[in-house]
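Since the structure comes first, as structure tokens, the remarks are kept for the end.
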Amino acid sequence: QGPVKLRLIQQPAQSPDGKRLAFSALTHIYVMDLPNGTPHRLTNANAREFQPTWSPDGSAIAYVTWEEGSGQIWKVQADGQSTPKQLTGTGAYYRDIAWSPDGGRLVALRAPRQARIEQFDEWEHTTANLDLVWLPSNGGDIHLILPARGAGRPHFGPEPDRIYLYSDAGLVSLRYDGTDRRSR
């Protein structure tokens, strides 16, 4: 028996400098050098790990864990030489993490455990019952921005204090407190 040859990776994320790739495979986060590096597991935790995202400076990776009861947001140094740090204190189903351009905050979508269980089949494809939230990138209190109401894929653009989301109305942006909503 030799190593398993992966034929499918999930949620690939390229490092800010374009030299490395993080991805989920077999329910764990892996990192490799581009273009032909060997993938190495980032943590040795037993949790199911998904959706890696690089810090703006490329030094850390945030990711979500999903367990039967709920999930959390974690952060680990991108070189894998640190112990992962749990950033959230409240279990929920988190997804679509984005780092703020200054690296000080993380934005994510969050659903309570019950909503995830009730909508299991379509949960990956809907944001109807999710909240848009932010938290400090070193962990701490989670702040509700607003109910996502179908908007998703939070990210940042040219204005570092504005969060961008895709919605049925197109691209929208807003501030961390949910105000000053603009459509593009």
Report the FRET efficiency, 1/(1 + (r/R0)^6), for ARG175 and GLN10, where r is their Cβ-Cβ distance and R0 is 30 Å, rounded to 0.05. 0.45
Taking Lys and Arg as +1 and Asp and Glu as -1, residues besides SER183 with C-beta under 13 Å from its C-beta add up to +2
Those trypsin sites (Lys or Arg not before Pro) from the range 24-111 that are DSSP loop and have at most 16 other Cβ neighbours within 10 Å turn out to be ARG48
Which entry in [x] 0.96; [y] 1.37; [z] 1.01 matches Rg/Rh (Cα atoms, Kirkwood Rh) derived from the coordinates of this structure? [x]
Helix-only estimate, please: 222 nm mean residue ellipticity of the chain, summing -39500 (n - 2.57) across DSSP H runs of length 4 or more and dividing by its residues, to the nearest 500. -500 deg cm²/dmol
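Taking all protein chains in place and a 1.4 Å probe, what share, in percent, of the accessible surface of the range 72-113 do carbon and sulfur account for?
Details: 720 of 1720 Å².
Of all accessible area on the range 72-113, carbon and sulfur atoms account for 42 percent.
First select every other residue whose beta carbon is under 13 angstrom from the beta carbon of LEU106; then total the charges, Lys and Arg +1, Asp and Glu -1.
On the way: positive: LYS75, LYS85, ARG95, ARG105, ARG110; negative: ASP96, ASP102, ASP141.
Net local charge, LEU106 excluded: +2.
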At a 1.4 Å probe radius, which order do SER173, SER59 fall into by accessible area, largest first? SER59, SER173
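The values are calculated or read from the model by the stated rules, or taken from the named source; none is laboratory data. Keep in mind that this is a model prediction, so the values were computed, not measured. In this analysis, Cβ positions are derived from the backbone assuming ideal geometry, glycine residues included, and neighbour counts consider all displayed protein chains. The area values use the complete protein model at the heavy-atom level, side chains included, leaving out ligands, DNA and RNA. Shrake-Rupley method; radii C 1.70, N 1.55, O 1.52, S 1.80 Å.
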